[in-house]
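Only one structure is covered here, and it is reproduced in the block below.
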Amino acid sequence: MERMRATTILALRHKGQAAIGGDGQVTLGSVVMKSDAHKIRKLFDGKVLVGFAGASADAFALLERFEAKLRDHQGSVPRAATELAKDWRTDRALRRLEAMMIALDRTDLLLVSGTGDVIQPSDGVLAIGSGGSYALAAARALMAHSTLSAAEIVKTALGIAADICIYTNRNIDVVEVSAI
């Protein structure tokens, strides 16, 4: 069976701003199956932004569970992510999911990994997916050496990743939240 590759998601907090973005490419083996996928979702009345990577059905299952946890915990991203991670480690069906997720709101930036870990970056930037390491490196350089806004850094870094990673394209969605 061909391995499905999809997604580059980048999220960061920079100079009082926060943004998350993703490319639109979904690839099956060496074939681009879709070039305009939307991998960023607004949850909890638009107060929480989520980007996901991995097998599509698994990512949507993870997203639905996270959204339920957000409702259960009044929109607390850390609490919802922690509770989801607990379920991920103990639920046999969840353990088989091949997906990752970045969640972002006004105060928090977290990665929920495919192993059920919750990770908060020390430098305010996270990336996942096929071109994640390229986008992460570009974003760190731009954060240190430019005056760009958070959204501009996300868009520029994802564009750089698209120039390097064959599983990333330039059909980029960026969503910004105010980070206080």
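Results, tabulated for the structure shown:
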read-out: Residue satisfying condition, being of a type in the set (K, R) and touching a strand residue (DSSP E or B) at 6+ places or on another chain (Cβ under 9 Å), within set K86, K39; value: K39
read-out: In segment 132-180, the residues that are within 21 Å of K42 (Cα to Cα) and among the hydroxyl-bearing types (S, T, Y); value: S149, S178
read-out: Residue check, A59 within 24 Å of G131 (Cβ to Cβ), within 18 Å of the chain's Cα centre (by Cα), in a helix (DSSP H, G or I) and small (G, A, S); value: yes
read-out: All positions within segment 26-54 that are within 14 Å of the chain's Cα centre (by Cα) and over 15 Å from I102 (Cα atoms); value: A37
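Residue-by-condition table, conditions (1) among the aliphatic types (A, V, I, L, M); (2) within 27 Å of A138 (Cα to Cα); (3) modelled with pLDDT under 90:
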| residue | (1), (2), (3) |
| --- | --- |
| L10 | yes, yes, no |
| A18 | yes, yes, no |
| A55 | yes, yes, yes |
| H73 | no, no, no |
| L97 | yes, no, yes |
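The values are calculated or read from the model by the stated rules, or taken from the named source; none is laboratory data. Just so it is clear, the structure is predicted and the values come from calculations on it, not from any experiment. Neighbour counts run over all protein chains shown; Cβ positions are idealised from the backbone, glycine included.
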